[in-house]
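Please read the structure below before turning to the comments.
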Amino acid sequence: MRVIGGQIGQFVQRKRAEERVQYLAAHDALTGLPNRVMFAELLNHEIKAAQRYKRTFAVMFIDLDRFKFVNDTLGHEAGDKLLQEIAARFKACLRASDVVARLGGDEFVVLLQEARNQEDVASVARKLLAAAMKPVSVMGQECRVTASIGICMHPGVAQDEPTLMKNADIAMYLAKEQGKNNFQFFSEDIKTRSLARLTLESSPAPRAWSATSSRCTTRPSSTSGRKPSPAWRRCCAGSTPSSAWCRRRSSSRSPRKPG
């Protein structure tokens, strides 16, 4: 009987270990939320169901503003506790049928099922923004972060999981550009502007200008009576950026994802 009892105990332990491995493969170890892989599976399932039953849903891409500052200032342990608290708040804002997942770092994503219209989705987005900006007590310090949210509706221009995620991500960056702590819906106009910005930032003019700007910081005055030096003429000849790029010069210096 002892032998049988020992074998049963080993079987139970092995079964629990297997279940733990399966759980970790589909969930974020820090927050307990579904991870990127699990969310992709759930989103693909929802796409098929929505197409079959003519349902509408939304994907919301969420990035926390100022999280890096908190993490760098108070340390990774404080950053982890902050993420756990924000994850719990986001989950409390949603229905049982909705899904919130952590993609990694300070990025979350929400699948809002059976959303009737944009106003319903906007209402949920406002709840998420309000939840994020409430102060969090971490290691004796009161921390505040906000969130930027990008939203992509289905049905719409996106019909598959990668495109839905990409479009929601594009809309999230627009929310960042609009001052953070807000939400934006994806549209073709947003996509066009994002592609135009990417083209400008990848063009040779910004690179040429940055390489020579340190040598051309002072433009000679036309009223000073002095002629421009040959060095100034050589380094700036042909490197003047277009007016379109000049309007975006300040933004192109910033990293793609502020905050």
- Within region 143-183, restricting to residues that are assigned to a loop (DSSP other than H, G, I, E, B) and within 17 Å of Asp106 (Cα to Cα), the one that is most open to solvent (accessible area, probe 1.4 Å) is Arg144
- Message: Pairs please, first residue from region 140-162 and charged (D, E, K, R), second anywhere and not in a strand (DSSP E or B), Cβ atoms under 6 Å, 6+ apart in sequence or on different chains.
- Response: Glu142/Pro135; Arg144/Pro135; Glu161/Ala40; Glu161/Leu43; Glu161/Asn44
- Message: Can you pull out every residue in region 134-153 that is modelled with pLDDT of 95 or more and either among the hydroxyl-bearing types (Ser, Thr, Tyr) or more than 16 Å from Asn71 (Cα to Cα) (or both)?
- Response: Lys134, Thr146, Ser148, Ile149, Gly150, Ile151, Cys152, Met153
- Task: Being buried (at least 16 other Cβ atoms within 10 Å of the Cβ) and of a type outside the set (A, V, I, L, M, F, W, C) is the filter; apply it to region 90-133 and report the residue that is farthest from the chain's Cα centre (by Cα).
- Result: Glu114
- Task: Tell me, please, whether a residue that is modelled with pLDDT of 70 or more, part of a loop (DSSP other than H, G, I, E, B), surrounded by 10 or more Cβ atoms within 10 Å (Cβ to Cβ) and among the small types (Gly, Ala, Ser) can be found in region 14-27.
- Result: no
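On the basis of being among the small types (Gly, Ala, Ser) and under 24 Å from Gln159 (Cα atoms), does Ala49 make the cut?
Details: among the small types (Gly, Ala, Ser): yes; under 24 Å from Gln159 (Cα atoms): yes.
Criteria met by Ala49.
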- Task: Select from region 39-89 the residues that are open to solvent by less than 90 Å² (accessible area, probe 1.4 Å) and on the phi > 0 side of the Ramachandran plot and list them in ascending order.
- Result: Gly75
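The values are calculated or read from the model by the stated rules, or taken from the named source; none is laboratory data. Just so it is clear, the model here is predicted, and its values are computed rather than measured. So basically every Cβ, Gly included, is an ideal-geometry build from the backbone, and we count neighbours across all protein chains shown. We work out accessible area using only protein heavy atoms, side chains counted, and drop any ligands, DNA or RNA first. Shrake-Rupley method; radii C 1.70, N 1.55, O 1.52, S 1.80 Å.
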